[in-house]
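Before any comments, here is the structure.
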Amino acid sequence: MVETSGYPTASVSLPPVTAATTTALRAFLQTILPPDLPVLLARQNRMAAPNGPFALMAVLLHQPIATSATRYTANTRIILQQQDVTVQVSLFGDGAADNVQRISTLFQNGWAAEFFTAFHQNPAAQNTPPPRIAPLYAGPARQIPFINGERQYEDQWQIDLHLQASFALSLPQPMASAARLALADVTSPQGSPSA
């Protein structure tokens, strides 16, 4: 026999944190990088690298940065969580060094916070309210050796961007519509503790 918590099985409603983060970051990168530079999600199967310069994004880490908070509505428990989502951005080809400097400078500026706030408030970009995304900081830009299929060195630069994703996880909350109380007289022998 399996002992359960007594809560009914329920579905958990969670916004797509990873998809929302990469969508917002991709829009940011497309705004500040040259217009013809493709910005792609890394680690895709059966996808060849584009010709010419391009950028890849790879989500590396989801790490809580605060203790979760809980609030309640009439029939829902809402758990609020804040995470540091680390995304590695790799830039390939001519101009990669300049592009990584552009990202590093603008990501750590108030302009990036304004961009992500405006992106979050854009009703055309969302079906359900996405997690709030805000830039935290950028790691150092670093050059990585890259040898292509023709055994030639190409420019590759990487930078880790840390974003704060604040989201809410919704769970059904059982509640009692009525309570039944039974009073006991604690002065009677029946109500006194046994020795």
- [ ] Tell me the label-point distance for the pair residue 113, residue 66, using the 7 Å Cα-to-Cβ offset, in nm and rounded to one decimal.
- [x] 1.4 nm
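I want the local charge near residue 119. Using Cβ-Cβ distances under 13 Å, sum +1 for each Lys or Arg and -1 for each Asp or Glu among the other residues.
Details: positive: 26, 132; negative: 114.
Net charge around residue 119: +1.
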- [ ] Subtract the Cα-Cα distance of residue 80 and residue 173 from 0.36 nm times their separation in residues, and report this length gain in nm to one decimal.
- [x] 32.0 nm
Task: 57, 175 arranged by Cβ crowding within 10 Å, fewest neighbours leading - done: 175, 57
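In whole angstrom, how long is each semi-axis of the equivalent ellipsoid of the range 49-176, when you take the square root of 5 times every eigenvalue of its Cα gyration tensor and sort them from largest down?
Details: eigenvalues 282, 46, 38 Å².
Calculated on Cα positions only, the semi-axes equal 38, 15, 14 Å.
Treat every Asp and Glu Cβ in the range 17-172 as -1 and every Lys and Arg Cβ as +1, leave all other atoms uncharged, and give the resulting dipole magnitude about the Cα centre to the nearest 20 debye.
Values: 9 positive and 9 negative charges, 130 e Å.
Using Cβ point charges on Lys, Arg, Asp and Glu, the range 17-172 gives about 620 debye.
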Task: Simple spin-label estimate for residue 181 and residue 73 in nanometres, 7 Å along Cα-Cβ - done: 3.0 nm
Open item on the list: Spelling out what I want: for every residue of the range 166-178, take phi, set θ = phi - 60°, compute 6.51 cos²θ - 1.76 cosθ + 1.60 (Karplus), and round to whole Hz; glycine and proline get x.
Closed with: 10, 9, 10, 9, 9, 10, x, 10, x, 9, 8, 8, 8
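Since every read-out is calculated from the coordinates, none of them should be taken as a lab result. From a predicted model like this one, the values you see are computed outputs, not experimental measurements. Virtual Cβ from ideal backbone geometry, glycine too; neighbours counted across all protein chains shown.
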